[in-house]
Amino acid sequence: MTEIKKVAIYCRVSTEEQASEGYSIAAQLQTLRQYAQLYGWELAEEYVDEGISGKNISGRPAVRKLVADVEKDKFQAVLVLKISRLSRN
């Protein structure tokens, strides 16, 4: 298993309801930055899709860039607040 040194953060919010319930982009970023710092991981990049459904990746430019960067081995792990932020299915 590869040791984690660099991580990426992915955040997404699709509705005002999610933002009002503590799932705002700012709240997600703050929590995930603190988590990375706690483990001593270097933050490679943050990817944010704001106001976009998680139904598929075709309409999410940040997640498409994230996938491309995974293929380039820019980091060893991706942090998300909840798996539903990355994908519904």
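Beta carbons closer than 7 Å, at least 6 apart along the sequence or on distinct chains, pair a first residue in segment 27-55 that is farther than 18 Å from V67 by Cβ with a second that is of a type in the set (K, R) and assigned to a strand (DSSP E or B) for W41/K6; E42/K6.
The rows are residues; the columns are (1) of a type in the set (S, T, N, Q); (2) within 14 Å of the chain's Cα centre (by Cα); (3) part of a helix (DSSP H, G or I).
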| position | (1), (2), (3) |
| --- | --- |
| Q37 | yes, no, yes |
| L43 | no, yes, no |
| Y47 | no, yes, no |
| R64 | no, yes, yes |
| D73 | no, no, no |
| S84 | yes, yes, yes |
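Being touching a strand residue (DSSP E or B) at 6+ places or on another chain (Cβ under 9 Å) and either of a type in the set (D, E) or open to solvent by less than 40 Å² (accessible area, probe 1.4 Å) (or both) is the filter here, so list the residues in segment 62-83 that pass it. Reasoning before the result, please.
Filtering segment 62-83 down to residues touching a strand residue (DSSP E or B) at 6+ places or on another chain (Cβ under 9 Å) leaves 62-63, 65-66, 69-70, 74-81.
Result: A62, V63, L66, D69, F75, A77, L79, V80.
The set of residues in segment 20-44 being polar (S, T, N, Q) and either in contact with a Cys (Cβ under 8 Å, 6 or more places away or on another chain) or farther than 11 Å from L81 by Cα (or both) consists of S20, Q28, Q34, Q37.
Any residue at all in segment 43-61 that is within 14 Å of I4 (Cα to Cα), out of contact with any Pro (no Cβ under 7 Å at 6 or more places or on another chain), open to solvent by 90 Å² or more (accessible area, probe 1.4 Å) and not β-branched (V, I, T)? There is no residue in segment 43-61 that is within 14 Å of I4 (Cα to Cα), out of contact with any Pro (no Cβ under 7 Å at 6 or more places or on another chain), open to solvent by 90 Å² or more (accessible area, probe 1.4 Å) and not β-branched (V, I, T). Being at pLDDT below 95 and of a type in the set (S, T, Y) is the filter here, so list the residues in segment 46-89 that pass it. S53, S58, S84, S87, listed by residue number.
The values are calculated or read from the model by the stated rules, or taken from the named source; none is laboratory data. Small disclaimer: the values here were computed from a predicted structure and weren't measured. Neighbour counts run over all protein chains shown; Cβ positions are idealised from the backbone, glycine included. Note: areas computed on protein heavy atoms with side chains; ligands, DNA, RNA excluded. Shrake-Rupley method; radii C 1.70, N 1.55, O 1.52, S 1.80 Å.
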